[in-house]
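What follows is a set of notes on a single structure, which appears directly below.
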Amino acid sequence: MTNSIKAWHSAIVHSIADPAEVGIEKSYQYFADGLLVVEDDKIIALGESHELLPIYQDKADITRVENGLITAGFVDTHIHYPQTGIIGSYGEQLLDWLNNYTFPAEGEFHDKEYARKIADVFLAELLRNGTTTALVFGTVHKESVDAFFEASEAHNLRMICGKVMMDRHAPEFLVDTPESSYADSKELIEKWHEKGRLHYAVTPRFAPTSTADQLTKAGELLQEFDNLYMHTHLSENHQECEWVSSLFPESKNYLDVYDQHNLLSDRSIFAHGIHLCDDEYHRLHETGSSIAFCPTSNLFLGSGLFRLDKAEQHKVKVGLGTDVGGGTSFSMLQTISEAYKVIQLQGEKLSPFKSLYLSTLGGAKALRLENQIGNLAVGTEADFVILDYHATPLLKFRLDQSKTLDETLFVLMTLGDDRTIAKTYSAGKCVHSRDN
Ligand code: GUN
Ligand code: ZN
């Protein structure tokens, strides 16, 4: 008979606070020889194995993890599932990239069967990379969101998605209207929001593709339902920023366009936020809004360097996003590696503990889900990953020489990718196993 309690005997690390607030030493817990204990979908104990094994060795099925490290499942705070098929598209910056690659690809998602096929590929890719929660763009078609939520529900994943609202400056086959976008979003909210582990995000694409009327409708939806997210793009590219000031001359700045339509709250997540002024950071902080820092995308599309220092100074919440398909990898390890380089280019250092925070607990906090996911605290949901120190010959060779946890984490983050994720668990169940 198998036990309903399961335990993993392993090295374990997880983030418990932002290093910018408490200092590095107090920002994490590490158990060199730890035990993570799970009953059904929840974590019921975490600690040193010599303390917990006497309690659980007869009650739990115990898995011994050799040469590996357990941490929380990664949280991707900004990604587009319909762009899976255009990842790695050559040569353009944001606005031409949207017109030449993105919009044609998104046009296919009126077909629910096609959308489900891509949703399955996308979720498999997230899980192969150890990402257990993501804030996800659909397309303008409500079928795209039905397909995504159905696929997520089948794996019992904690996921957030929404239908794109876009009523101008896009091809005819991709535009809705203020009224239809309101009605379709409402229908999806009633069907999916807070069903099991799923949540809905009101998703105006970005200010240039919505009229003021549509942004007003988005704000109305947020008033009408509890706990909805608001997910959009902000201040990513210089041309985009100039376009926004010409389209909304009465707004003080880019963020103010959203603010004037009541779209800022502690469940609002803005992707990129690269070219912001102090007033905008201040207002993000004041409203509890978050930024998704998307380094691979910001480099790939030539958008610019995210100012993590400014976000920290203004105490703006930040999560990490892959932004696939503007971003070039589903791997949060690769994304961390590029974030490090973005910060290096500004003469600063991104410590591996800050990266651990940004990719797990920081993302969860940005999404107001820190009581459910983001670390391995007792009572939270058992979403976690097993990282393999021996995933590649180079990783093994390099880590064999590592003397500290800092070094081990930093090397995992610099050399790691999907091969490093041996297993991914969601709500206590294995949802990806690299070797079978
Ligand atoms: N701004 C508006 N739409 C998009 C998109 O699909 N990707 C990115 N990176 N930026 C955007
Ligand atoms: Zn994006």
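Read-outs throughout are calculated quantities, based only on the coordinates presented, and are distinct from any laboratory measurement. The structure displayed is predicted, hence computed values, not measured ones. Don't worry about glycine lacking a Cβ; one is built from the backbone with ideal geometry, like all the others, and counts go over all protein chains shown.
Would you kindly state how much longer the chain becomes between ASP111 and VAL378 on full extension, computed as 0.36 nm times their sequence separation minus their alpha carbon distance, in nm to one decimal?
Net length gain for the segment: 91.9 nm.
Using the Cα centre as the reference, give the magnitude of the dipole from point charges on the C-beta atoms of region 144-190 (Lys, Arg: +1; Asp, Glu: -1; all else neutral), rounded to the nearest 20 debye.
Computed about the Cα centre, the dipole is about 240 debye.
Using the basic label-point model (7 angstrom from Cα toward the beta carbon), what is the LEU394 to GLU407 distance in nanometres?
If labels sit at LEU394 and GLU407, their model points lie 1.9 nm apart.
For a 22 Å ceiling on Cα separation, which of these pairs sit above it: LYS365/LYS396; LYS42/LYS403; LYS42/LYS365? Kindly include the intermediate steps, with their values, before the conclusion.
On the way: LYS365/LYS396 33 Å; LYS42/LYS403 33 Å; LYS42/LYS365 19 Å.
The pairs that break the limit, which is 22 Å between Cα atoms, are LYS365/LYS396; LYS42/LYS403.
With labels modelled as points extended 7 Å from the Cα through the Cβ direction, what inter-label distance (nm, one decimal) is found for CYS277 paired with GLU48?
Using points 7 Å along Cα→Cβ, the separation is 5.5 nm.
With 10 angstrom as the radius, rank TRP97, TRP243, TRP8 by how many other C-beta atoms surround their C-beta, starting from the fewest. Don't skip to the end; give the middle numbers.
Numbers: TRP97 21, TRP243 17, TRP8 24.
Final ranking by Cβ density, sparse to dense: TRP243, TRP97, TRP8.
Among the listed pairs LYS117/LYS163; LYS117/LYS317; LYS59/LYS423, give every one whose C-alpha distance is greater than 28 Å.
LYS117/LYS317
What's the FRET efficiency of VAL22 with ASP96 using the Cβ-Cβ distance as r and R₀ = 41 Å, to the nearest 0.05?
0.40
Please report the net charge: other residues with Cβ closer than 12 Å to the Cβ of THR328, K and R +1, D and E -1.
Combined, the nearby Lys, Arg, Asp and Glu give -3.
Hull surface divided by four, with the convex hull built on the Cα atoms of region 1-145: how many nm²?
Numbers: hull surface 52.9 nm².
Convex hull of Cα atoms, orientation-averaged projection: 13.2 nm².
Report the extension gain between ASN227 and GLU348 in nm, rounded to one decimal, defined as 0.36 nm multiplied by the number of residues separating them, less their alpha carbon distance.
40.0 nm
What's the local net charge at TYR281, with K and R +1, D and E -1, over the other residues with C-beta under 15 Å away?
Value of the local net charge: -2.
Around TYR56, with a cut-off of 11 angstrom between Cβ atoms, what is the net charge of the other residues, counting Lys and Arg +1 and Asp and Glu -1?
Residues near TYR56 contribute -2 overall.
Starting from the Cα gyration tensor of the chain, multiply each eigenvalue by 5, take the square root, and state the resulting semi-axes largest first in whole Å.
Taking √(5λ) for each eigenvalue gives 36, 23, 20 Å, largest first.
With each pseudo-label sitting 7 Å past Cα toward Cβ, what's the LYS195-ASP266 distance in nm, one decimal?
2.8 nm
Pull up the cross-link candidates among the aspartates and glutamates for LYS310, meaning alpha carbon to alpha carbon under 16 Å and not fewer than 8 places away within one chain.
Leaving aside aspartates and glutamates fewer than 8 places away in the same chain, those within reach of LYS310 are ASP18, GLU21, GLU236, ASP278, ASP279, GLU280, GLU286, GLU348.
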